[in-house]
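This report refers to the structure that appears directly beneath it.
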Amino acid sequence: MTDEPLGAAVAHVVGLHRGREVNAHLRLRLEDAGLAFADESRGHRFRVPFDVIDGWQDAPGHIALYLRDGDVLDIATADDATRALLRAVRDAAVRPPEFTRSLRALGAVDATEQAAHDRWFGPLLRARRAIEGVTDPLRQAALLDADLLRAELARTLAELAAQRAGGAGPASRALEAMLEEESAPVNEALARLALAASTLHGSAPDSRLADWRLWLDAVRLLFRATDDAWPAVARVLRYGT
């Protein structure tokens, strides 16, 4: 054990940072945007933002951080404070962001369309809530699964069409076909999400966080596509065209 404050530790660090060799006992400190390293005896400091950590490998006695541009920092984990700090770094680096802040249709809805609006956005919002606090990228991808969301989208369109048409039948099927056409960009985004998830599941430890960020890009695209499609879906439900 050490007497370092919470969020800080001292550890031996070996490797490269921005192409420069590192081999020293450094003070590590968790910051809002990354991990800070300091050699206070020499006045040397540098920071590693979370978004440049492309991979992570935990091994007995040390943890390797694989950074952008091929740099690697190997950190000895000889005490509880260092292990706890690096676990906190890992958790912070893979914290899911907020996907809904820039969406427009999500927060703007006519009261007469509220039920359909909530049904349209519901599966995606539930999946987002499910990954809140989850710090395993593979688990996040499993909880926000493209195949499950695609099936839910199909059910949603069928139910909305049947409700609008007053039951099953030719009118319902025709309306469902129109809804499917308007939601085609959402299905395209789901296909991209499935591909990104497949890449993530097959990634090596030294590139997993980089592949996770590409998966996040696919999730953002899905949220935007769902938001962008809603006005056309609502128009079809309102007017049948």
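The values are calculated or read from the model by the stated rules, or taken from the named source; none is laboratory data. Just so we're clear, the structure is a prediction, and the values are computed from it rather than from any experiment. Note: ideal-geometry Cβ built from the backbone for every residue, glycine included; neighbour counts use all protein chains shown.
Listed residues 35, 67, 28, 73; which is more than 18 Å from residue 209 (Cα to Cα), touching a residue at least 24 places away in the same chain (Cβ under 8 Å) and either in contact with a helix residue (DSSP H, G or I) (Cβ under 7 Å, 6 or more places away or on another chain) or not charged (D, E, K, R) (or both)?
On the way: 35 fails: more than 18 Å from residue 209 (Cα to Cα); 67 fails: more than 18 Å from residue 209 (Cα to Cα); 73 fails: more than 18 Å from residue 209 (Cα to Cα).
Criteria check complete, one pass: 28.
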**Prompt:** If you go through segment 96-119 one residue at a time, do you hit one that is in a helix (DSSP H, G or I), out of contact with any Leu (no Cβ under 8 Å at 6 or more places or on another chain), more than 18 Å from residue 234 (Cβ to Cβ) and of a type outside the set (S, T, N, Q)?
**Reply:** no
Original post:
Are any of the residues in segment 41-50 part of a loop (DSSP other than H, G, I, E, B), modelled with pLDDT under 95, surrounded by fewer than 17 Cβ atoms within 10 Å (Cβ to Cβ) and of a type in the set (A, V, I, L, M, F, W, C)?
Top reply: no
Selection from segment 51-63 of residues more than 20 Å from the chain's Cα centre (by Cα) and surrounded by fewer than 18 Cβ atoms within 10 Å (Cβ to Cβ) yields 58, 59, 60, 61
(1) under 17 Å from residue 95 (Cα atoms); (2) modelled with pLDDT under 95; (3) of a type in the set (Asp, Glu) all hold for residue 211 apart from (2)
Scanning segment 83-134 for residues that are touching an Asp or Glu at 6+ places or on another chain (Cβ under 9 Å) and among the polar types (S, T, N, Q), the one surrounded by the most Cβ atoms within 10 Å (Cβ to Cβ) turns out to be 100
Expected output for segment 162-186 (first residue surrounded by 11 or more Cβ atoms within 10 Å (Cβ to Cβ), partner in a loop (DSSP other than H, G, I, E, B), Cβ below 7 Å, 6+ apart or cross-chain) is 162/168; 175/240
Filtering segment 195-206 down to residues that are among the small types (Gly, Ala, Ser), in contact (Cβ under 8 Å) with a residue 40 or more places away in the chain and surrounded by fewer than 17 Cβ atoms within 10 Å (Cβ to Cβ) yields 204
Restricting attention to segment 212-241, the residues that are of a type in the set (Asp, Glu) and either in contact with a Gly (Cβ under 8 Å, 6 or more places away or on another chain) or in contact (Cβ under 8 Å) with a residue 60 or more places away in the chain (or both) number exactly 2
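Being of a type in the set (D, E, K, R) and under 26 Å from residue 208 (Cβ atoms) narrows it down to one of 58, 110, so name that one.
58
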Condition set touching a residue at least 24 places away in the same chain (Cβ under 8 Å) and surrounded by fewer than 19 Cβ atoms within 10 Å (Cβ to Cβ), scope segment 149-161, selection farthest from residue 183 (Cα to Cα): answer is 159
